[in-house]
Amino acid sequence: MASKEDILNEIDANREEYIHLLQRFIQAASPNPPGDTTKASRVMIAFLSQHDISADVIAPQPHMPNIVAHFDGERGPGHRVVFNGHIDTFPANEPEKWERDPYSGHNDGSAIHGLGAVDMKAGTAASIIAFTLLKKRAQHLKGSVALTAVSDEETGGQFGTKYLLERSDNPALWRGDCVINGEPGGLQSVRFGEKGTLRLTFTVTTPGANGAYKNLSRGANIVAARLITKLQETVESISSDLPQDLKQHFANPHTRKVVDEIMGPGAASVLLEPTLNIGVLNGGVKVNVIPSQCIFEADIRLPTGLTRDTMLARIRDEVLKDFPEASYAVQEAASNPANYLAHDHHPLTKCIADAAEGVTGRRPVPLVGMGGTDCKFYRYLGIPAFVFGVSPKGMGARGEAVLIDEFMAVVKTHTLAVWDYLSE
């Protein structure tokens, strides 16, 4: 009979192989946009093939392959667990200013460097490794396991996870009963939900004029600046209507301490509040001309308990009433409601927490995330999805790097959690 000790021994024995896999994965550039993940996908397919697993490719866009595979346990029917992760990364930000090439995959002995190391090639590689280890032990498992390594997460998921769950030939294969995902969240937490996003494009239109004749028109940029100030005041004044059990959970001093530890001082409060970020303003004319139009984007993060309709009503009633020159449009593809399922009541949550505690010596706390992940698409379908991954520090920034010990801890936790869930 296989055992946890057997699994851990194999992981430790293959440590260097797994580190080299992550290095090759990072070295295969996959920034999105433009979204070409073919090189990175080939790294994953080759690794699976080396472990006698034939993966399928589902590619609604040829340059964005989704790598999928599944197997049945040999002890009979049971739950279906899905490993989900993405292959694409943010584009490199000012690559000439990086200390090392963004795609170096450099190993300094304690960390692997490169764009996507944190978000989320370490997590996706960990899930793929876990899948191979479990497939090798299929005779000891009930139920089934699926793997979905997708190529379109950074730009919305319409050709990635969302496509697999809604438009592929057999969506049931990739939905499962529950999901484990390796997005960066910190080893101190299991994420069971996340904030929503409401993305708006505002257009301010005024008559415009020569810069000397301010009596003829207020400049659209000046109106926009005042509008943004009012928008911020309104958005940040709105309270969410959290369910009582979540209120109690997030009021717990230990929970708040862990949130601040992972995401920085003050994060525990921000997690439960709406936040506003403003994108590039477009004035469109020279400085000596009163512009007739200004366009800017607003990215509003919605905490659990605050809906899009509530936010839009407040914006219409409290902001736009004072700015007749302004209108807005919702960017539907980039707007998603806050979501959570199975706070701490799902058996996979316990399996993840037990496995993580055994590996790291510390029991992770159930939390919601501030950033979006593909887990939302599962939760919208009523499928519990949980995130356990490396620290989010440095993701997408110059000098992004993942600690090797954290990466290995995620490999072990993902493998042992699903092993416990399907073998007991």
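Bear in mind these aren't lab numbers, they're just calculated from the coordinates by the rules spelled out. Quick caveat: nothing in here was measured; it's all calculated off a predicted structure. Backbone-built Cβ (ideal geometry, glycine too); neighbour counts: all protein chains shown.
For the range 128-145, putting each phi into the Karplus relation 6.51 cos²θ - 1.76 cosθ + 1.60 with θ = phi - 60° gives couplings of 5, 4, 4, 4, 5, 5, 6, 4, 4, 10, 4, 5, 9, 10, 9, x, 7, 9 Hz, in residue order, rounded to whole numbers and with x for Gly and Pro.
Taking the Cβ of MET408 as the centre, find all other residues whose Cβ is under 14 Å away and add up their charges (Lys, Arg: +1; Asp, Glu: -1). Net charge in that neighbourhood comes out at -4. Both radii come from the Cα set of the range 89-204: Rg as radius of gyration, Rh as Kirkwood radius; their ratio Rg/Rh reads 1.03. Listed cross-link partners LYS97/LYS136; LYS121/LYS350; LYS162/LYS321 are compared with a 32 Å cut-off, the Cα-Cα value being larger for LYS97/LYS136; LYS162/LYS321. With r defined as the distance between the Cβ atoms of ALA267 and ASP108 and R0 fixed at 25 Å, what FRET efficiency is calculated, to the nearest 0.05? My answer for the efficiency is 0.35. Each part gets one Cα centre, and for the range 338-379 versus the range 252-277 those centres are 16 Å apart. Using a Debye calculation, one point per C-alpha and no hydration shell, please list log10 I(q)/I(0) for the range 280-424 at q = 0.10 Å⁻¹ in order. Debye output, listed in q order: -0.57. In the chain, a dipole from Cβ-located charges (positive for Lys and Arg, negative for Asp and Glu) runs towards its positive end, and of ALA122, LEU276, SER391 it is LEU276 whose Cα lies farthest in that direction.
Estimated at 0.36 nm per residue, the fully extended path between ALA333 and VAL280 surpasses their Cα-Cα distance by 17.2 nm. Of the residues GLY264, MET408, ALA355, the one whose Cα sits farthest towards the positive end of the charge dipole of the chain is GLY264 (charges of +1 on Lys and Arg Cβ, -1 on Asp and Glu Cβ, taken about the Cα centre). Charge tally around SER269: other residues with Cβ under 15 Å, Lys/Arg +1 each, Asp/Glu -1 each, net +1. Phi angles of the range 40-53 translate, via the Karplus equation with coefficients 6.51, -1.76, 1.60 and θ = phi - 60°, into HN-Hα couplings of 5, 5, 5, 4, 5, 4, 5, 5, 4, 4, 4, 9, 6, 10 Hz per residue; Gly and Pro are given as x. Among GLU74, GLU154, a tally of other beta-carbon atoms within 10 Å of each Cβ gives an order, fewest to most, of GLU74, GLU154.
Evaluated at 10 °C with a viscosity of 1.306 mPa s, what Stokes-Einstein diffusion coefficient in µm²/s does the range 1-43 have when Rh comes from the Kirkwood expression over alpha-carbon pairs? The estimated diffusion coefficient comes to 130 µm²/s. Taking Lys and Arg as +1 and Asp and Glu as -1, the other residues whose beta-carbon sits under 12 Å from that of TYR340 total +1.
For the modelled label position 7 Å from the Cα of ASP299 along Cα-to-Cβ, which residues of the range 368-401 have backbone nitrogen atoms closer than 13 Å? Residues passing the 13 Å test: 370-373, 396-397. Projected onto its three principal axes, the C-alpha set of the range 162-276 covers 64, 47, 25 Å, listed from the longest axis down. A viscosity of 1.567 mPa s and a temperature of 4 °C, combined with the Kirkwood radius over C-alpha pairs in the Stokes-Einstein formula, give the range 6-117 a diffusion coefficient of 81 µm²/s. In the chain, the DSSP-assigned H stretches of four residues or longer account for a calculated mean residue ellipticity at 222 nm of -10000 deg cm²/dmol, using -39500 (n - 2.57) per stretch and the full residue count as denominator.
Magnitude of the charge dipole for the chain, about its Cα centre and with charges confined to Cβ atoms of Lys, Arg (+1) and Asp, Glu (-1), is about 760 debye.
Each residue in THR310, THR89, THR124 was given a count of other beta-carbon atoms within 10 angstrom of its own, and listing them fewest first yields THR310, THR89, THR124.
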